[in-house]
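Notes to accompany the following structure.
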Amino acid sequence: MEIDTSKPHIGRVYDYVLGGHHNYDVDRRAATEILKLLPTYPKWAKLNRWFIQLVGQQWSEAGIASVLDLASGLPTQGHLNDYLPEARILFSDIDPVSVIYGEKLLADKPNMRYVQADLRDPSPLFTAAAQFFGAERRIAVGCIGIAYMMDDEHARDLLRRMHAFCARGSVMALSFIVPRGASAAQVLNGAASLAGIKAYPRTPEEMTALVAPWKVQVCRPLMEWLDLDDFLTQEECDASPFDMLGLIAHH
């Protein structure tokens, strides 16, 4: 796996704003510029990570035994492996830095594995998942922090193929960005372009249609999920061009 340190990577930028150390100067410079456009970005990143932790706790209480996590980042403290230590978990990410460090972190956990995967071409991921899970296809899918970086065509293809791969009784957790105002997409993409990506904000109705045939059971703002209505000040909420929602969908 080759690591390109000449361009920022959104996963490493995310790691930096969360206070991590698996990033490079190019990522830190990009984060600095993004924060000029979206000063609340670190707070949204924390809410996204805390949603992962909430989902991990809920899945643990539900006795989930198999998990496929997409765009995982680093499985460090507070990730799904902390809440589901006995589960079979397949982590995945496109970023080789996350994969290399992830493999090291999971080296003593035979029930967990980390694979490199480009979700825009998910066939190798499904091949790895078939080998990892075998006949057990009642799976919990983590799709947190990635859907808003995929266009409709790739997101729809991934989620439909995921539904076909999973068995009845499977569950999926997903977070997404909801635009606020007509200029939201423009502001978001101005910031996203600094990390070399595009952003795709969607309304709850658009997201519900996109995840079909998964059936959305609950969809609400991350701050509501986490009971943190005052985590962002009113001024910060008013200035933000987007909100972030989380949904739980069933097979």
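The values are calculated or read from the model by the stated rules, or taken from the named source; none is laboratory data. Computed from a predicted model, the values in this text were never measured in an experiment. Here the Cβ positions follow ideal geometry from the backbone for every residue, glycine too, while neighbour counts run over all protein chains shown. Accessible surface is based on the protein model in full, side chains and every heavy atom, while ligands, DNA and RNA are left aside. Shrake-Rupley method; radii C 1.70, N 1.55, O 1.52, S 1.80 Å.
Observations
Listed here are the residues, each with its yes/no results for (1) in contact with a Ser or Thr (Cβ under 9 Å, 6 or more places away or on another chain); (2) open to solvent by less than 10 Å² (accessible area, probe 1.4 Å).
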| site | (1), (2) |
| --- | --- |
| SER6 | no, no |
| ARG12 | yes, yes |
| TYR16 | no, no |
| HIS22 | yes, no |
| LEU38 | yes, no |
| ARG49 | no, no |
| GLN57 | no, no |
| SER60 | no, no |
| LEU70 | yes, yes |
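- Residue match in region 171-193 (condition: touching a Lys or Arg at 6+ places or on another chain (Cβ under 6 Å) and over 18 Å from THR40 (Cα atoms)): no
- Residue within region 199-221 that is exposed (fewer than 13 other Cβ atoms within 10 Å of the Cβ), out of contact with any Lys or Arg (no Cβ under 7 Å at 6 or more places or on another chain) and farther than 24 Å from VAL55 by Cβ present: no
- Here ALA184 meets each of (1) more than 15 Å from the chain's Cα centre (by Cα); (2) at pLDDT below 95; (3) open to solvent by 40 Å² or more (accessible area, probe 1.4 Å) with one exception, condition (3).
- Check on GLN234, open to solvent by 70 Å² or more (accessible area, probe 1.4 Å), at negative phi and free of Cβ contacts under 8 Å to residues at least 12 places away in the same chain: yes
- The residues in region 223-245 that are within 22 Å of ALA182 (Cα to Cα) and within 18 Å of the chain's Cα centre (by Cα) can be counted, and the count is 4.
- Exactly one residue among VAL115, VAL141 is β-branched (Val, Ile, Thr) and either surrounded by fewer than 19 Cβ atoms within 10 Å (Cβ to Cβ) or under 24 Å from PRO204 (Cβ atoms) (or both), and that residue is VAL141.
- Sub-6 Å Cβ pairs linking a first residue in region 1-30 that is within 22 Å of TYR148 (Cα to Cα) and assigned to a loop (DSSP other than H, G, I, E, B) to a second residue that is open to solvent by less than 60 Å² (accessible area, probe 1.4 Å) and among the β-branched types (Val, Ile, Thr), at least 6 apart or interchain, are PRO8/VAL26, ordered by first then second residue.
- Taking the numbered list (1) open to solvent by 70 Å² or more (accessible area, probe 1.4 Å); (2) in contact (Cβ under 8 Å) with a residue 24 or more places away in the chain; (3) out of contact with any Phe, Trp or Tyr (no Cβ under 8 Å at 6 or more places or on another chain); (4) not hydroxyl-bearing (Ser, Thr, Tyr) in turn, ASP121 passes all entries but (2).
- Of all residues in region 24-33, those satisfying the criterion of being open to solvent by less than 30 Å² (accessible area, probe 1.4 Å) and either over 19 Å from the mean Cα position of the chain (by Cα) or at positive phi (or both) are VAL26, ALA30.
- Inter-residue pairs, beta-carbon under 6 Å, first more than 25 Å from ALA65 (Cβ to Cβ) and in region 135-153, second in a loop (DSSP other than H, G, I, E, B) and open to solvent by less than 20 Å² (accessible area, probe 1.4 Å), 6+ apart: TYR148/ALA199
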